[in-house]
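Everything on this sheet refers to the single structure shown next.
The values are calculated or read from the model by the stated rules, or taken from the named source; none is laboratory data. Because the structure is a prediction, the values reported are computed rather than measured. Cβ placement follows ideal geometry from the backbone for every residue including glycine, while neighbour counts extend to all protein chains displayed. Ligands, DNA and RNA are excluded from the accessible area calculation, which covers all protein heavy atoms including side chains. Shrake-Rupley method; radii C 1.70, N 1.55, O 1.52, S 1.80 Å.
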Amino acid sequence: MLKKLLIGIGVLVGVVVLALVAVVSLVDVNQYKPQIEQAVKEKTGRTLRIEGPLKLSVFPRLGIELPRTTLSNLGADRTAAALQSARVSVALVPLLSKRIEIDRIHIDGLAATIERRKDGSTNIDDLIKPDPKARPAPPGGKAAPLPQFEIGGVELSNADLTYNDLAAGNTMRLHQLNLKTGRLAPQTRSAVSLSSQISATRPTLAAKIDAKGDLDVDLERSAYAVGGFDLALKGTLDKQPLDVTAKASRLAFDAASGGLRVADLRAQARGRVTGEDFDADVTAPKLDIAADKASGERVLAKFKLSGAARQLNGQLALDGVSGQAKQVSIAKVALDATLQQGPRKTVAALTGSARANTEAQTFSLPQFAGTVSLDDPSLPQKTLKLPLNGTVDVDAKKETAAARIATTAEGSKFDAKVNVAGFATPRIGFDLAADKLNLDTWFPPEKAARNASATPAPAAKGGGVAPAPADAPVDLSALKTLNLSGEARIGQFQARGIKLSNLRAPVKAANGRLDVAPLTAQLYGGTVTASVNAQAAGNRVGLDANLANVQIEPLMKDAVDKDLLEGRGNVKLVVTTAGASVDGMKRALAGNAALQLRDGAVKGINIAQKLRDAQSLLSVAGVGKSTSHEANAAEKTDFSELSATFAIKDGVATNSDLDAKSPLLRLGGAGKIDIGAGRMDYVARVSVVGTLKGQDGRTIDQLRGATIPVRVAGPFEKLSYGIDYSGAAQEALKSKLNEQLQRQLGGGSQSTPQSGATPDKPASSRDRAKDLLKGLLGR
């Protein structure tokens, strides 16, 4: 009986197989391609194209092979995904019991692009959104059971997957991707290996990645784990070498509850960034975050950054993990870091607690505190300590972060608020308030490098800045990616020697440009209103400043350590420049300036005294002589009013309208100030309009009405004043000749008889001129 039954079953199976073979032989499956493509169009709104013949096989398994196939984006002809070929085969008999047994899935040349638009939507939202017709499981009810399936393995070769984030301006790509798995089922363990080239645009990344491990899958519980995880990535980041390795005995993730389990994780990263070597090491011996309870051992991250100019060492430790999967608490977060920059050493030690909500994707430091200390031999106090306290909040879903930091230092109080929106292209807002801030106390200006051929520059005085090295670089490229807005308010502020009070500075940076406007402050007894801008394109800087009613002497002493002028008044400055170095920017200065002062003095020379001392030169023996004197800060020439305008081009300021007045003198002049070369060549013309009488009683009334040239020349560090006594004598002669001729030839009254004259015989014009010359020459 059994034999007959087996024969019957064999005959039945044979008939079925023969029938399927007949179907495959007699039916052209390709005639259904249009119906398949039309069905996809109607169901998804996308265009499916099968660009070659379909191949169907029956024995020993039911299989189908696809030729090159493409799928478009929704409502567009642009290709969203494509593959060169695919093969899949299914066992027939298990289908009778509603089991799906697939031998292996082979996919070659898969290319797909996922695009995230600026509004946050993607080009695959229509494919992954829930079916509105699907009925949700009743409350407390069970979801529909998963279909039973088994896949012998998946092989993906030569794949190219691209993620284009238009919102962040970043593109990530996995190409030459090869993936191979073992058996897959609703509950299974499978060996998995992956290799691929990976690239990104922001930051620029190009690397080779290899990963392997044993994948545990439980679809019923939505739980996934990898045992014996091993990853290696090697390539370049921003064109600098990068080498990353990660190993763990187990990594597990529960998608339903958000649970995470880590065992024996160690990750290392080596490479270079901005020309410096970096080294990072993360260890997590045990971390278990379940739906109802979280625990773990210390997580420790160590980092090191080494370069020619600095070395940074530090570690971040997390202790006391508690809570649950959706709300994790960390009892202690500790950051310790040391930064060495030449003789300057900065040490930071911060601690606080932390909270993280994995469901909402938020992280916060509700309170942190610590100190930052600075040791520097150049600091007046050698050591500076800053106590810090504040808060930090991060929302990963919204891509926002906010922090508040307060500190006190050297009797000054600071309160800063910072917020960030968007992590890939951050938009930074800030608000800084301080009662006092002296940057020169913390970071004294560095002395200029001295060229062997140059005159040694004086040391910076009183926090003033010494001249910058000729080759000091200037690079504004960081502005290209900076998006910043905020305001700084400081009661008393000092930087590079310049002192301001009630400073208010709104700041905005975007699209490669930085603007500080309108900057307002009180400055040396007056006020300043200015706008400053800097642009990455062309490395350009601009300044438009109005100084009103300021004391010019202390301003110049503090700003440039020069004592050239005193007085109170207004200064207008509008300049632009560009260049790759400080010296280049000086030589490229262009714009204009105007100066209006009152009740002041020109420092370095006392012109009135020099003219009194030159009395003896106004003789025949002295005609033709000139003298030069080094500037003497103890001497000065007073004025009641002074005004001048300057045209600036290629780093040279040109003036031709100097106008200074005092009861005794009038000053005009013209010349050039070469800012790039640090030199001046200027000729002032002094006119005597009053009586110059010294303590010895000497006067030089004969110079009244004369114009005396005074030349100011030389490097800024060693200016000299030269008086042209030849010109002064000639001017005196001209002035007196003109005066006497007017009196004599004009018939004015004479108290002394002229040569050859008698009461009965008046002197001739010739005789009167002769006597006039004798008097002027002291004969």
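Listing for the model above:
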| quantity | calculated |
| --- | --- |
| Relative packing of peptides 30-40, 312-322 - highest average C-beta neighbours within 10 Å first | 312-322, 30-40 |
| Ratio Rg/Rh [Cα only; Rh per Kirkwood] for the range 333-378 | 1.21 |
| Too-long pairs where the Cα-Cα distance tops 24 Å, listed order kept, from Lys293/Lys332; Lys413/Lys499; Lys326/Lys417; Lys397/Lys417 | Lys326/Lys417 |
| Cα-based reach from Lys572 at 17 Å (exclusive), listing aspartates and glutamates while leaving out same-chain residues under 8 positions away | Asp544, Glu553, Glu641, Asp657, Asp659 |
| Carbon plus sulfur fraction of accessible area for the range 263-353, probe 1.4 Å, in percent | 56 percent |
| Cross-link reach list, aspartates and glutamates versus Lys480, counting only Cα pairs under 14 Å and skipping chain neighbours closer than eight places | Asp515 |
| Cα-based Rg of the range 460-591 normalised by 2.2 N^0.38 Å, two decimals | 1.10 |
| Cα-based Rg and Dmax for the range 336-432, where Dmax is the largest Cα-Cα distance (Å) | 16.0, 51 |
| For peptides 115-125, 713-723, sequence by mean Cβ density within 10 Å, most packed first | 713-723, 115-125 |
| Links that overshoot a 22 Å alpha carbon limit, given the list Lys562/Lys718; Lys234/Lys398; Lys603/Lys672; Lys129/Lys212 | Lys234/Lys398; Lys129/Lys212 |
| Proximal aspartates and glutamates to Lys385, defined as alpha-carbon separation beneath 19 angstrom and excluding residues fewer than eight positions away on the same chain | Asp336, Asp375, Asp376, Glu410, Asp415, Asp435, Asp440 |
| Protection proxy ranking, peptides 72-80, 493-501, average beta carbon neighbours within 10 Å, highest first | 493-501, 72-80 |
